[in-house]
Amino acid sequence: MTTVAELLVQALADHGVKTIWGVVGDALNPVTDAIRREERLEWVGVRHEEVGAFAAAAQAQLTGRLGVCMGTVGPGSVHLLNGLYDAKKSHAPVLAICGQVPLAELGSDFFQEVDNDALFSDVAEFSRTVTSVEQIPAMVEQAVNAALTRQGVAVLTLPGDVGGLELPKHTPVPRFVDEHPETVPAPEALDRAVELLDGAGAVTMLVGQGARGAREEVLALAERLGAPMVLTLKAKEGLEHENPYEVGQSGLIGNPAAQQALEGGDVLLMVGTDFPYREFYPQGKTVIQLEVRPEHIGRRIPVDLPLVGHAAPTLRALTQRVAAKPDRSHLDAARKTFTEWQERQARLADPAYDRTPKGLLRRKLDNPEERIRPEVLAAAIDRHAADDAIFTSDTGMATVWLSRFVQMRGSRRLLGSFNLGSMANAMPQALGAAALDRDRQVVAFCGDGGLSMLMGDLITAVSHGLPVKLVVFDNGRLGMVKLEQEQGGLPEFGTVLDNPDFAAVARAVGLTGVRVTEADQVDEAVRVALATPGPVLLDVLTNPDEIAVPPKPKLSQGWGFAVAKLKETLVSAGDE
């Protein structure tokens, strides 16, 4: 006879799931026992369920396949929520298997009882509680199919006395639908797009994650239009390297060239992006938005022409029909600005920069303690990381340095909490990536605030042999919050972190831990860390006052920053 838990686990293994993440617990004991006996599955027991949800979602994003995590009754399921919200906002197909109190106790406010269907109602495309064995085959299929076809989260809740129940003979094993056929816009919409592009003096492209699988088509259309290409952070992967049209990112992590490109064109062609920051969009442009999800069109900026479809076939159709634009002055000007900006950034990545005349002056202003500049560290990682490395990045300043100094060349991949903006995502996502292929290099850009939030799962890297390389930008601050406060004219408050020696903590739980305090040590330390077998934590003391200026700074931001620094100085003087 087959139990409910055995049927569920067999269906997942048959589908190709390789890893299940979670914390064991009473209600799900039948499921974990079935996993123990299924040779095709690896169980990764984490120290916090949030880590398991982040890891499962990372695997789903990297493979396009189903990620699976588990949390038992009550608190165990609640702990999954943040990682599942990240999966939802990243459009990652994830199944969460949750425990529940016994059937007879449902609704009685039993010990640890939580209404999972209500709890997960906002995050999940599908959330149901199994109450009988007869429901199992159809409900498992509905859950997984919802996650796969809607690219989101499904939650299946098993009461503690259901998982071990035996099923009737010949109960079919669930099978799942996993097809995403390409679509193209209506012919009349394409006709109108060609008319608008041909009539424009200059075109700028804003390209996002939805075009990552259409590199050739994106470049071909940019060449045809002579268009500079602003990339969102998620479009760096696959579209950044050897792209003669790229001018970097916009938004808070952007640069002047991207803003110049956006402001200078007559037509803004948005391809596969839902870039959220309205203040960085140009005004008075004709806007064409190509997007596979109709509900995303027009919610950031008014759109003159919506194109509903996938990037690759739509861009092919446009390239074949639009007229070539011989005037490349808009592209050339933006590229020139971008190259000059990159050269200025590269100077900051020189370990000897603070000993140059300009560097000495700047050091007095923004690095009086002579800490390592984060640019030095990020550039060293880019030099030494493999061309097929997977990078993860914590939300905040770590993402700024990765976006500016790490090139997504070769087959490099990139993950972050780029839609939810959660703290503490880089290390869990790195664990998920490493479990897919322990021979592939995985590098996490960790903020000190993020790492310390879920630091217990450093142990998971050791206990499960996950050879992640965790690089900590240890500036003793919640750096992005500090910058936000100062740009608003507020003195820094509540952002200082009393950190331990992270390298010593790492060594205590079994990782290789290295601490770096001098800029001239960074390059060799990074090289050795990335070449060292097994999990490694590199703790680098970086400058907390490094400034990342947005591409379109407002006068109020500059004035606010000056006022904030004055307030900080006065407060410090008064404290003395």
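The values are calculated or read from the model by the stated rules, or taken from the named source; none is laboratory data. These numbers come from a predicted model, not from an experiment. Counting neighbours? That spans all protein chains shown, and the Cβs are built from the backbone with ideal geometry, glycine included.
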It is to be established whether one or more residues within region 50-72 are among the hydroxyl-bearing types (Ser, Thr, Tyr) and crowded, with 24+ Cβ neighbours inside 10 Å.
yes
If we take region 474-538, then helices (runs of 4 or more DSSP H) inside it with 3 or more residues that are assigned by TED's automatic domain parsing to the domain that holds MET397 and loosely packed, with under 15 Cβ neighbours inside 10 Å are 522-531
If you go through region 305-331 one residue at a time, how many are over 30 Å from the mean Cα position of the chain (by Cα) and surrounded by fewer than 17 Cβ atoms within 10 Å (Cβ to Cβ)?
8
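Going by what's in this entry, would ALA334 be described as modelled with pLDDT of 95 or more, more than 26 Å from the chain's Cα centre (by Cα), part of a helix (DSSP H, G or I) and under 24 Å from GLY254 (Cα atoms)?
The answer is yes for ALA334.
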Hey, any hits in region 183-192 for a residue that's among the basic types (Lys, Arg), in the same structural domain as PHE280 (by TED's automatic domain parsing), under 30 Å from PHE338 (Cβ atoms) and modelled with pLDDT of 95 or more?
no
Based on what the data block shows, is ASN475 in contact (Cβ under 8 Å) with a residue 60 or more places away in the chain, touching a strand residue (DSSP E or B) at 6+ places or on another chain (Cβ under 9 Å) and over 30 Å from LEU262 (Cα atoms)?
yes
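Yes or no, residue by residue, for (1) at negative phi; (2) over 19 Å from the mean Cα position of the chain (by Cα); (3) in the same structural domain as VAL471 (by TED's automatic domain parsing); (4) surrounded by fewer than 24 Cβ atoms within 10 Å (Cβ to Cβ):
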site	(1), (2), (3), (4)
ARG371	yes, yes, yes, yes
VAL376	yes, yes, yes, no
ARG383	yes, yes, yes, yes
ALA386	yes, yes, yes, yes
PHE391	yes, no, yes, no
ASP394	yes, no, yes, no
ARG409	yes, no, yes, yes
SER417	yes, no, yes, no
Report every pair of residues separated by at least 6 positions or lying on different chains whose Cβ atoms are under 6 Å apart, first residue within region 273-298 and crowded, with 19+ Cβ neighbours inside 10 Å, second among the small types (Gly, Ala, Ser).
THR273/GLY208; PHE280/SER250; PHE280/GLY251; ILE288/ALA193
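Would you pick out the residues in region 376-405 that are assigned to a loop (DSSP other than H, G, I, E, B) and within 23 Å of GLY476 (Cα to Cα)?
Within region 376-405, ASP394, THR395, GLY396 qualify.
I'm trying to understand the selection: among the residues of region 341-369, which are in a loop (DSSP other than H, G, I, E, B), surrounded by 13 or more Cβ atoms within 10 Å (Cβ to Cβ) and either among the aromatic types (Phe, Trp, Tyr) or in contact (Cβ under 8 Å) with a residue 12 or more places away in the chain (or both)?
Those that are in a loop (DSSP other than H, G, I, E, B), surrounded by 13 or more Cβ atoms within 10 Å (Cβ to Cβ) and either among the aromatic types (Phe, Trp, Tyr) or in contact (Cβ under 8 Å) with a residue 12 or more places away in the chain (or both): ALA349, ASP350, PRO351, ASN367.
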In region 1-24, residue surrounded by the most Cβ atoms within 10 Å (Cβ to Cβ) [restricted to those that are of a type outside the set (A, V, I, L, M, F, W, C) and within 29 Å of the chain's Cα centre (by Cα)]
GLY22
Going residue by residue through region 227-240, is there one that turns out to be in contact (Cβ under 8 Å) with a residue 60 or more places away in the chain and of a type in the set (Gly, Ala, Ser)?
yes
Just to be sure before I move on: is SER411 under 20 Å from PRO276 (Cα atoms) and assigned to a loop (DSSP other than H, G, I, E, B) in the structure I sent?
no
